[in-house]
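The structure appears right after this line, and notes come after that.
The values are calculated or read from the model by the stated rules, or taken from the named source; none is laboratory data. As the structure is a computational prediction, the values presented were derived from the model and not from experiment. Counting neighbours? That spans all protein chains shown, and the Cβs are built from the backbone with ideal geometry, glycine included.
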Amino acid sequence: MKNILVVGVGPHARRSHLPTLAEGQAAGLVGTVCGVDLLGTADVLVAYDAADGSRSIPVTLIGPFDSHVAALPEAVRHVLDAIVQRRGIDAVVVSTEPAYHMVYTRWALERGLSVLLDKPLSVHAGCSLNLGKAEAILNDFDELLDCYRRARRRFPKILVTVQSQRRYHPAFWRMRQCIAEVAAETNCPVTSVQSFHSDGQWRMPDELLDISYHGFDKGYGKAAHSGYHFFDIVPWLLAAGERPGKELDAVDVHAYVTRPEDFLAQLGVLDHERLVPGFAARNPYSEPELRAATEGFGEIDAFISMAYKSHGRTMTLGSINLVHTGFSQRGSLTPTRASLYKGNGRVRHETHIIEQGPFQALQLHCLQTLSDGHPSVDPYALGRERHVEVHVFRNSTFRPTWKKYTSYDFGSLSAATAPVETLPTQESSRHRAMWEFLEYLNDQRGRQEMRSELTQHRRAATLMAGAYQSMAQQRIGGSLVSRLPFLATPLPAQALPAGLEAAL
């Protein structure tokens, strides 16, 4: 059994990582689980995944430090090294604020510890405003990949995998398979892709300042919070349609965003005083004060356009539209959870529309109908994620053997993945990502079967860096478009999950 250290025991880790690690303990894959968090942000014993607090892990508290450091401060490094030695740690889950991902991952690799790394791989405070900090996002990936390669020479078994759960979602596997089938028959790549995601979050004006978790005060926002999932999954789908001579090698990225000053123009302080009982009494800030205080904040919503190129020609037109403020079921002034991370009326809506020339169209709709719940209370929050549909349209006039229209709903996607217990929900996909990591650590899965190894993520880092470069360039009156190479590092074989290939 492998002993695991969780670095960062915040709401995400308690909701996603710790329950799966507890299952791993029950299955004999995981031994000791312990945590590390910043002084003042976690208790010494952290409860999770049970209403009565019956499950908990020991957490060592460390002092805060600057995220820009190249290596952990000596005092922090000493504490972590002592934990590794005392508890016989084999692997690390890095679930901190993204600005700290790099420094913790480097520390783990230097010690031969495998890493499950939360997304995004890295981010820099002010990257939506400062071009150098935006460019550093892609530089970070190249530096981390180089560090990983050096570590593998010393520790051949070591692994870094990224928790990009849509790679584990059966709806996306179905679409990827459909793209590959048509590309093989027609030599036609994906010619356009439109992706949309709404958090369904209603953040009150005073909460722009008073609630920092998943906020905008560090000079970045939606594109860093959940945008990485889409910067990753879109290239992952496009790769299924790449053919010899039509490999993507460059991308133009153009981002339009709203920031807090725009949000306050849409629904300002006076609007909220009229709409929300009690807001005027609670809110200590005037609108001019809010505008001044949020001047250096990051993006709330981002509409990002891409032109994916091959040998100077545009192969695919795309858009990734990311909305923090969208349709919500929040109706009360006081948040039910202080972080706004989950709950509080959040309703997630996600769609993808893919065209493959005149041959195929794919649509994925993943729409919550109820506000976000917590699995410890209700595993599926009364069916909140069960509106999952994949629609496949094919040109049956051109190819009579093709079926003109096929649809897959929650039930059919669930039936297809029953052998590996991967329901078409984000919760289940996150669980599968962690479980795959645990299987690798216990020699039950080979490296070539890993679906999200670090080596596969350069294109995602490129799109995220390009989006922030476009934002930063516009702030100084520069070009609206960021032009970047769009190279993929060599990918291992993309095997389907065990039991899933035959079912599909």
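Of the helices (runs of 4 or more DSSP H) contained entirely in region 241-342, those carrying at least 2 residues that are more than 24 Å from the chain's Cα centre (by Cα) and of a type in the set (D, E) fall at 260-266, 269-275, 287-293.
Only one residue in V93, V76 is among the β-branched types (V, I, T) and over 20 Å from the mean Cα position of the chain (by Cα). Which one? Show your work before the answer.
Working: V93 fails: over 20 Å from the mean Cα position of the chain (by Cα).
The unique qualifying residue is V76.
Of the residues making up region 217-237, those that are within 22 Å of F172 (Cβ to Cβ), among the small types (G, A, S) and buried (at least 23 other Cβ atoms within 10 Å of the Cβ) are A223, A224, G227. Yes or no: region 201-216 includes at least one residue that is surrounded by 23 or more Cβ atoms within 10 Å (Cβ to Cβ), of a type outside the set (F, W, Y), outside any loop (DSSP other than H, G, I, E, B) and assigned by TED's automatic domain parsing to the domain that holds V388. Among the residues of region 201-216, not one is surrounded by 23 or more Cβ atoms within 10 Å (Cβ to Cβ), of a type outside the set (F, W, Y), outside any loop (DSSP other than H, G, I, E, B) and assigned by TED's automatic domain parsing to the domain that holds V388, which makes the answer no.
Within region 3-22, the set of residues being free of Cβ contacts under 8 Å to residues at least 40 places away in the same chain and more than 23 Å from S226 (Cβ to Cβ) comprises just one member, A22.
Cβ-Cβ distances below 7 Å connect the following pairs, each with a first residue in region 64-85 that is assigned by TED's automatic domain parsing to the domain that holds P98 and closer than 18 Å to T96 by Cα, a second residue that is surrounded by 14 or more Cβ atoms within 10 Å (Cβ to Cβ) and of a type in the set (F, W, Y), and a separation of six or more residues or different chains: S67/Y100; L72/W107; P73/F65; V76/F65; R77/W107; L80/W107.
Looking across V30, V36, V44, one residue alone is touching a helix residue (DSSP H, G or I) at 6+ places or on another chain (Cβ under 9 Å) and under 27 Å from S67 (Cβ atoms). It is V36. Out of curiosity, is A223 hydrophobic (A, V, I, L, M, F, W, C) and within 24 Å of the chain's Cα centre (by Cα)? In short, yes. Exactly one residue among A240, A255, A265 is surrounded by fewer than 19 Cβ atoms within 10 Å (Cβ to Cβ) and either hydrophobic (A, V, I, L, M, F, W, C) or over 30 Å from A465 (Cβ atoms) (or both), and that residue is A265. Kindly indicate whether any position in region 142-149 is assigned to a loop (DSSP other than H, G, I, E, B), under 21 Å from the mean Cα position of the chain (by Cα), among the hydroxyl-bearing types (S, T, Y) and closer than 17 Å to Q163 by Cα. No, the conditions are met nowhere in region 142-149.
Evaluating N187 against the criteria (1) of a type in the set (S, T, N, Q); (2) farther than 24 Å from R447 by Cα; (3) crowded, with 21+ Cβ neighbours inside 10 Å leaves one unmet condition, (3).
Matching residues to (1) touching a strand residue (DSSP E or B) at 6+ places or on another chain (Cβ under 6 Å); (2) among the β-branched types (V, I, T); (3) outside any loop (DSSP other than H, G, I, E, B):
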| site | (1), (2), (3) |
| --- | --- |
| P120 | no, no, no |
| A134 | no, no, yes |
| I158 | yes, yes, no |
| G219 | no, no, no |
